[in-house]
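Q: Dropping the structure in here first, questions after.
The values are calculated or read from the model by the stated rules, or taken from the named source; none is laboratory data. From a predicted model like this one, the values you see are computed outputs, not experimental measurements. Note: ideal-geometry Cβ built from the backbone for every residue, glycine included; neighbour counts use all protein chains shown.
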Amino acid sequence: MSEAASVYSVDKVLLVAIRDNITDTDIINLQEDLSERIVNEAARGVVIDIAALEIVDTFVGRILAQLSSISRLLAAETYIVGMRPAVAMTLVELGMDLPGSKTALSLSHALRALKAKGLA
Amino acid sequence: MTAAPTTEVSRLLSEDFDGVLDAWFATQKRDGVRRPDLFSDRESRRQLSELLRTFSEALGRIDISEPVDIDTEAWSELRMALSEITLVRTERGVAPWEMTAFMLALKQPVFEKLSEGLANTPERLLAEASDFGRVVDAFAMHINEHFIAERDEIIERQRAEMMELSTPVVQLWERVLTIPLIGTLDSMRAQEVMENLLNSIVEHSAEVVIVDITGVRVVDTQVAQHLLRTAAAVRLMGAEAIISGISPKIAQTMVELGVDVGEVTTRPSIRAALDEAFRRVGFRISRVEDTRV
Amino acid sequence: MNGAPAQPAARVELRRERDVAAARLAVSRAMDALGARALRKTRFITAVSEIARNALEHGGGGVMEIYNLERPRRIMIRCRDEGPGIADIDQAMVDGFSTARSMGKGLGGARRLVAAFRIESRPGAGTTIEMEADP
């Protein structure tokens, strides 16, 4: 599958671990792959782990925000997890608060939240 | 490595080393920067002699009629010697200006010796004196920069220590942190607060953080922006922020300033905030048994 | 533009998309060599990413050079492209301004993340941006 990430599907939840220093095309491909998989596998949740990312610039930030919106349209809830403190501070300074995206501390926190909503 | 051309200065230093040393020492004495109260004559002479020897060796390799950049590799030994003598002398209480004057005191005796040796070739005298002057100035400058760098380092270290003391992140309960802010919140401090807080979130796997501003003196638009940014960053990490300690006066000011806190949870007191934090992480405080009559 | 050392410590051609990632990596290594802290590094490399992408997309490619500055020791980068240039720099620095697919926070955002930001551009003569990291 995509160069940019490894994706595992567990109990209607897609677990996505993004690799560091990816190209713009990589992440656009990931967005397309994920959209298809949400539909094909009838996923109700998506957890995107960005702990490996040393930086999130405006482009990657915008794709992450879009992923949340797309999955919502496809009836799945997306959590962005594992953001590093330096990345969070930089994004806020860039004015990219990702207001439409759900966040969690870690993969297990996100899974717990999805379970509580009956989505996992 | 190519040898530098033989100059009157390099000849002086190899043939009349002790003479130059004595004259340098005498000039320092005259200028009042010898500090016999801190260093014995023997100690001082040893320091000077070491520096002068390193300089003399460097002159064997480097042509000082070319532009001098003492940050280059060729001057590394001399830089080390300068740093060492600066360190030794300042540790005992020699002031920065004294250290600079200490170095510059080498100029006059060498000029005098040059004008004796080159009396018949005024053009060479002028060229060598100006080259030598430039090099000594560069040394003095280096000593000065060394001072400034060291002082900056001390200031930075103290600032970091103070910052740590002034923004302690406290774990109130499992998964609940608080950071009581006190005093003023400028941009610099706001960034430190944020960094400190976010790192603690990772460290404690905290889900709720209470940012308490009871002790913040003034809440203006800028401070409000800092608080909201902190809350936004906390949310990006996957935790929630509660801002507590909003007095009625601060609430009025914020509305007058047109500050919109949006989705951020606020509470008037840290007690109310703690109550909310417990609710979110699934705890409840209850009395075991009412023993009062 | 400014008094950088004659020789860059590293040089990255920006011809393809993958080169943006290469530029980030090169700056990351240079900052590691100076022992930069995580936050400063993240801020600066994010800015590098923005302007490298900008040079590739709007400038049709270019080159990024990395310099080590002294006193205090810090990193500077210079990014040049031979693109159409920017007619109104002030407007381009405002958040929300975008001529292409980025969200329009790129240049203004990059400036906020670095210690010093210089831009020189003329229509038809390409764009040069210099950025210095915090020491």
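Q: Looking at the range B:170-189, which of its residues are over 26 Å from residue B:221 (Cβ atoms), among the β-branched types (Val, Ile, Thr) and surrounded by 14 or more Cβ atoms within 10 Å (Cβ to Cβ)? Spell out how you get there, then give the answer.
A: Looking only at the range B:170-189, we keep the residues that are over 26 Å from residue B:221 (Cβ atoms), and these are B:170-177.
Now drop any that are not among the β-branched types (Val, Ile, Thr), which leaves B:170, B:176.
Correct list: B:176 only.
Q: Would you point out the residue of the range A:95-112, among those that are within 18 Å of residue B:204 (Cβ to Cβ) and within 7 Å of another protein chain (Cβ to nearest Cβ), that is nearest to the chain's Cα centre (by Cα)?
A: So, considering only residues that are within 18 Å of residue B:204 (Cβ to Cβ) and within 7 Å of another protein chain (Cβ to nearest Cβ), the one nearest to the chain's Cα centre (by Cα) is A:103.
Q: Filter the range B:147-169 down to the residues that are more than 12 Å from chain C (Cβ to nearest Cβ), loosely packed, with under 12 Cβ neighbours inside 10 Å and over 17 Å from residue B:190 (Cα atoms) and list them by number.
A: Result: B:151, B:154, B:155, B:157, B:158.
Q: Looking at A:51, A:113, which is the one that is part of a helix (DSSP H, G or I) and within 16 Å of residue B:239 (Cα to Cα)? If you could, list the steps in order and put the result at the bottom.
A: Working: A:51 fails: part of a helix (DSSP H, G or I).
The conditions single out A:113.
Q: Next up: In the set B:195, B:123, which member is without any contact (Cβ under 8 Å) to a residue 12 or more places away in the chain, loosely packed, with under 12 Cβ neighbours inside 10 Å and on the phi < 0 side of the Ramachandran plot? Before you say what the answer is, go through the steps one by one.
A: On the way: B:195 fails: loosely packed, with under 12 Cβ neighbours inside 10 Å.
Going through B:195, B:123 in turn, just one is without any contact (Cβ under 8 Å) to a residue 12 or more places away in the chain, loosely packed, with under 12 Cβ neighbours inside 10 Å and on the phi < 0 side of the Ramachandran plot: B:123.
Q: While we're on this one: Please verify whether residue A:118 is surrounded by fewer than 19 Cβ atoms within 10 Å (Cβ to Cβ), under 20 Å from residue B:263 (Cα atoms) and not basic (Lys, Arg), treating the condition exactly as stated.
A: On the way: surrounded by fewer than 19 Cβ atoms within 10 Å (Cβ to Cβ): yes; under 20 Å from residue B:263 (Cα atoms): no; not basic (Lys, Arg): yes.
So residue A:118 fails the test.
Q: Return the residue satisfying two criteria in turn: it lies in the range B:209-239 and is in contact with a Leu (Cβ under 8 Å, 6 or more places away or on another chain) and within 11 Å of chain A (Cβ to nearest Cβ), and of such residues it is nearest to residue B:183 (Cα to Cα).
A: B:226
Q: Failed condition for residue B:74, given (1) in contact (Cβ under 8 Å) with a residue 24 or more places away in the chain; (2) touching a helix residue (DSSP H, G or I) at 6+ places or on another chain (Cβ under 9 Å), with all others met?
A: Result: residue B:74 passes all but (1).
Q: Any chance you could count how many residues in the range A:1-48 are within 17 Å of residue C:25 (Cα to Cα), out of contact with any helix residue (DSSP H, G or I) (no Cβ under 6 Å at 6 or more places or on another chain) and assigned to a loop (DSSP other than H, G, I, E, B)?
A: Adding up the residues that qualify gives 3.
Q: Pull up the range C:106-128, narrow it to residues that are polar (S, T, N, Q) and touching a residue at least 60 places away in the same chain (Cβ under 8 Å), then point me to the one that is surrounded by the most Cβ atoms within 10 Å (Cβ to Cβ). First the steps, then the outcome.
A: Let us first name the residues in the range C:106-128 that are polar (S, T, N, Q), namely C:121, C:127-128.
Restricting the remaining residues to those that are touching a residue at least 60 places away in the same chain (Cβ under 8 Å) gives C:127-128.
Numbers: C:127: 25, C:128: 18.
Only one residue tops the list, namely C:127.
Q: Also: Assess whether residue C:42 counts as being surrounded by 15 or more Cβ atoms within 10 Å (Cβ to Cβ) and touching a residue at least 12 places away in the same chain (Cβ under 8 Å). Step through it out loud before you land on a result.
A: Working: surrounded by 15 or more Cβ atoms within 10 Å (Cβ to Cβ): yes; touching a residue at least 12 places away in the same chain (Cβ under 8 Å): no.
Against the criterion (surrounded by 15 or more Cβ atoms within 10 Å (Cβ to Cβ) and touching a residue at least 12 places away in the same chain (Cβ under 8 Å)), residue C:42 does not qualify.
Q: Could you please give the count of residues in the range A:54-94 that are assigned to a loop (DSSP other than H, G, I, E, B), surrounded by 20 or more Cβ atoms within 10 Å (Cβ to Cβ) and more than 9 Å from chain B (Cβ to nearest Cβ)?
A: Counting residues in the range A:54-94 that are assigned to a loop (DSSP other than H, G, I, E, B), surrounded by 20 or more Cβ atoms within 10 Å (Cβ to Cβ) and more than 9 Å from chain B (Cβ to nearest Cβ) gives 5.
Q: Please find, within the range B:240-274, the residue that is nearest to residue A:86 (Cα to Cα) out of those that are within 14 Å of another protein chain (Cβ to nearest Cβ) and among the acidic types (Asp, Glu). Give the steps one after another, and end with the answer.
A: Step one: filter the range B:240-274 for residues within 14 Å of another protein chain (Cβ to nearest Cβ), giving B:240-241, B:260-264.
The next check asks that each one be among the acidic types (Asp, Glu); those that pass are B:240, B:260, B:263.
Numbers: B:240: 17, B:260: 25, B:263: 23 Å.
The residue in question is B:240.
Q: Do we find a residue being over 19 Å from residue B:170 (Cα atoms), touching a helix residue (DSSP H, G or I) at 6+ places or on another chain (Cβ under 6 Å) and buried (at least 22 other Cβ atoms within 10 Å of the Cβ) anywhere in the range B:231-240? It would help to see each step written out before you state the result.
A: Quick first cut of the range B:231-240, residues over 19 Å from residue B:170 (Cα atoms) only: B:232, B:236.
With touching a helix residue (DSSP H, G or I) at 6+ places or on another chain (Cβ under 6 Å) added as a condition, the list becomes B:232, B:236.
Subset that is buried (at least 22 other Cβ atoms within 10 Å of the Cβ): B:232, B:236.
There is at least one residue in the range B:231-240 that is over 19 Å from residue B:170 (Cα atoms), touching a helix residue (DSSP H, G or I) at 6+ places or on another chain (Cβ under 6 Å) and buried (at least 22 other Cβ atoms within 10 Å of the Cβ).
Q: Looking at the range B:1-119, what helices (runs of 4 or more DSSP H) fall wholly within it and have at least 3 residues that are surrounded by 18 or more Cβ atoms within 10 Å (Cβ to Cβ) and either more than 30 Å from the chain's Cα centre (by Cα) or among the aromatic types (Phe, Trp, Tyr) (or both)?
A: Numbers: elements: B:8-15, B:17-31, B:41-61, B:76-91, B:96-104, B:107-117.
Filter on the range B:1-119 gives B:8-15, B:17-31, B:41-61, B:107-117.
Q: Now a separate question. Can you find a residue that is out of contact with any strand residue (DSSP E or B) (no Cβ under 8 Å at 6 or more places or on another chain), closer than 26 Å to residue B:209 by Cβ and modelled with pLDDT of 95 or more anywhere in the range A:93-107? First the steps, then the outcome.
A: If we filter the range A:93-107 for residues that are out of contact with any strand residue (DSSP E or B) (no Cβ under 8 Å at 6 or more places or on another chain), which is where we start, we get A:93-97, A:99-100.
Imposing the further condition that a residue be closer than 26 Å to residue B:209 by Cβ reduces the set to A:93-97, A:99-100.
Next, only the ones that are modelled with pLDDT of 95 or more stay: none.
Taking every residue of the range A:93-107 in turn, none turns out to be out of contact with any strand residue (DSSP E or B) (no Cβ under 8 Å at 6 or more places or on another chain), closer than 26 Å to residue B:209 by Cβ and modelled with pLDDT of 95 or more.
Q: Mind counting the residues in the range B:180-208 that are aliphatic (A, V, I, L, M) and away from every other protein chain (no Cβ under 14 Å)?
A: Filtering the range B:180-208 for residues aliphatic (A, V, I, L, M) gives B:181-182, B:185, B:188, B:190, B:193-194, B:197-198, B:201-202, B:206, B:208.
Remaining after also requiring away from every other protein chain (no Cβ under 14 Å): B:181-182, B:185.
So the count comes out to 3.
Q: Tell me, yes or no, whether the range B:273-282 has at least one residue that is more than 40 Å from the chain's Cα centre (by Cα) and among the β-branched types (Val, Ile, Thr).
A: Initially, the range B:273-282 is screened for residues more than 40 Å from the chain's Cα centre (by Cα), giving B:275-276, B:278-282.
Next, from what is left, pick out any that are among the β-branched types (Val, Ile, Thr): B:281.
Checked against the condition, which is being more than 40 Å from the chain's Cα centre (by Cα) and among the β-branched types (Val, Ile, Thr), the range B:273-282 yields at least one hit.
Q: Now for a separate question. Among the residues of the range B:128-146, which ones are away from every other protein chain (no Cβ under 13 Å) and touching a helix residue (DSSP H, G or I) at 6+ places or on another chain (Cβ under 7 Å)?
A: Keep residues of the range B:128-146 that are away from every other protein chain (no Cβ under 13 Å), which gives B:128-140, B:143.
Result: B:128, B:129, B:132, B:133, B:136, B:139, B:140, B:143.
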